[in-house]
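A short write-up of the structure that comes next.
The values are calculated or read from the model by the stated rules, or taken from the named source; none is laboratory data. Because the structure is a prediction, the values reported are computed rather than measured. A quick note on method: Cβ atoms are made from the backbone with ideal geometry, for glycine too, and the neighbour counts reach across all protein chains shown. Calculation scope for accessible area: heavy atoms of the full protein, side chains included, ligands and nucleic acids excluded. Shrake-Rupley method; radii C 1.70, N 1.55, O 1.52, S 1.80 Å.
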Amino acid sequence: METARRLLPKSYLILVLLAIIIIGAAVSPDFLSVRNANNVIAFSAIIAILAVGQFFVILTGGIDLSVGSILAMSTVVSALTLQTGMSAGLSVAITLGVCALAGFINGLMVVWLRIPPFIATLAMLSIVKGFSYIIQSTSLIQISDTSFISAFSSGVTLGLRNPVLIFIVVTLIAAFVTKFTTMGRRLYAIGGNPEAARLSGLPVHRDLLITYTVSGLLAGLAGLIAAAQLLQGSSLIGTGYELDAIAAVVVGGASLMGGKGDPISAVIGVFILATIINIMNLVGISSEPQLVIKGAVVVLAVFLSSAGGVQRISAFLSRAFGRHQTKVPA
């Protein structure tokens, strides 16, 4: 019974996703085509990895606005290192290390300088974007290393394209950490009440540093996939991706106040948003109305998950039906 209760939010989101897929199939004959499905999944893999990292930060009551810029930096660093003739493995290690360092610095600003996460990561967004532009030297850097491209884009493992396999593995590891490890339980405690967590002797500062470092690391991993798919490194890649990741986490049922949600639901939120956007593209809706619809979906999700919307709707329905029943004669 307890297991079913834990799975209920994800089951609900899956039903929502299935309903959107049915609508998409009804409004466009191209929606269920293999090519369209591959396009949706390829884009979703990048945002899903970002969303998992963003979920950990939001779980602690924080937010990370720098992941889109860190993703762009990842494409530039990997492209530059590959251009020098460096092996794909060493290039990946250096790139992930640089991105993890950016996340670690975010954590230091939040923990030791006590800068609010919104301000700290907003500053890092600007710093990383400027750094990426400087080392890029204003020109796109092409990627031609076949082993790198195969590992993060075109390759197939266990019958799945590598980007899909990577985001599935990342999501499953994140789900295991949050549900079955002491650190996962500590992150929920920190998000629920950070002061109580600190007074209980939990290593709040250490866990926050790890959380922001992981967010930077996963943004770097998403950047490697983006670089392999686009065959280039650019400081302009990833603009707005941080907002997509935050929106997906919220649509997945996480609370911006912290202490609530799970990474699998966050990834389902990615596919819900990506599918809605894909349907709008197929039916010819221009980008401006898409922004309005996407924003409305996020507002609704925040209302239901963080603003007590479900309880308020339930209370309203109870009062409405209660008054109706009192008017019925015995």
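Heavy-atom accessible area for Ser318, with the other protein chains in place and a 1.4 Å probe, reaches approximately 80 Å².
Cross-link reach is defined here as a Cα-Cα straight distance under 17 Å, omitting same-chain residues fewer than 8 places apart; for Lys179 the aspartates and glutamates meeting it are Glu2, Asp207, Asp262. In the full protein context, the range 37-185 carries 43 Å² of accessible surface per residue, based on a 1.4 Å probe and ignoring ligands, DNA and RNA. Each helix, a run of at least 4 DSSP H residues, gives -39500 (n - 2.57); summed and divided by the residues of the chain, these come to -25500 deg cm²/dmol at 222 nm. Using a Gaussian network model of the chain with C-alpha springs under 10 Å, which one of Pro117, Pro263, Pro163 is most mobile by mean-square fluctuation? Of the options given, Pro117 has the highest mean-square fluctuation. Sorted largest first by accessible area at a 1.4 angstrom probe radius, with every protein chain in place, the residues Ser150, Ser234 fall in the order Ser150, Ser234. Relative to the longest principal axis of the Cα atoms of the chain, the long axis of helix 117-136 lies at roughly 30 degrees.
Want the number for Met257 to Leu160: 0.36 nm per residue separation, take away the alpha-carbon distance, what's left?
That pair, Met257 and Leu160, stretches by 31.3 nm at full extension.
Note on Val16/Thr182: beta-carbon distance plugged into 1/(1 + (r/R0)^6) with R0 of 30 Å gives a FRET efficiency of 0.40. The alpha carbons of the chain give a radius of gyration and a Dmax of 21.2, 86 Å, in that order. Axis angle, to the nearest 10 degrees, between helix 88-111 and the longest C-alpha principal axis of the chain: 50 degrees. Along the range 157-166 the Karplus relation, 6.51 cos²θ - 1.76 cosθ + 1.60 evaluated at θ = phi - 60°, assigns HN-Hα couplings of 9, 6, x, 10, 5, 4, x, 5, 4, 4 Hz to successive residues, with x for each Gly and Pro. Rolling a 1.4 angstrom probe over the range 2-153 with all protein chains present gives an accessible area of which 72% lies on carbon and sulfur atoms. Put simply, the amide H of Ile141, placed in the peptide plane, has neighbours under 5 Å in Gly233, leaving out anything fewer than 5 places away on its chain. A DSSP coil position with no more than 13 other Cβ atoms inside 10 Å describes the following chymotrypsin sites (Phe, Trp or Tyr not before Pro) in the range 106-209: Trp112.
Rounded to the nearest whole Hz, the Karplus-based 3J(HN,Hα) values (6.51 cos²θ - 1.76 cosθ + 1.60, θ = phi - 60°) of the range 233-241 follow the sequence x, 8, 6, 8, 5, x, 4, x, 5, with x at glycine and proline.
What are the ³J(HN,Hα) values, in whole Hz, obtained from phi via the Karplus relation 6.51 cos²θ - 1.76 cosθ + 1.60 with θ = phi - 60°, for each residue of the range 263-271 in sequence order, with x given for Gly and Pro? Residue by residue, the range 263-271 yields x, 5, 5, 4, 5, 4, x, 4, 5 Hz.
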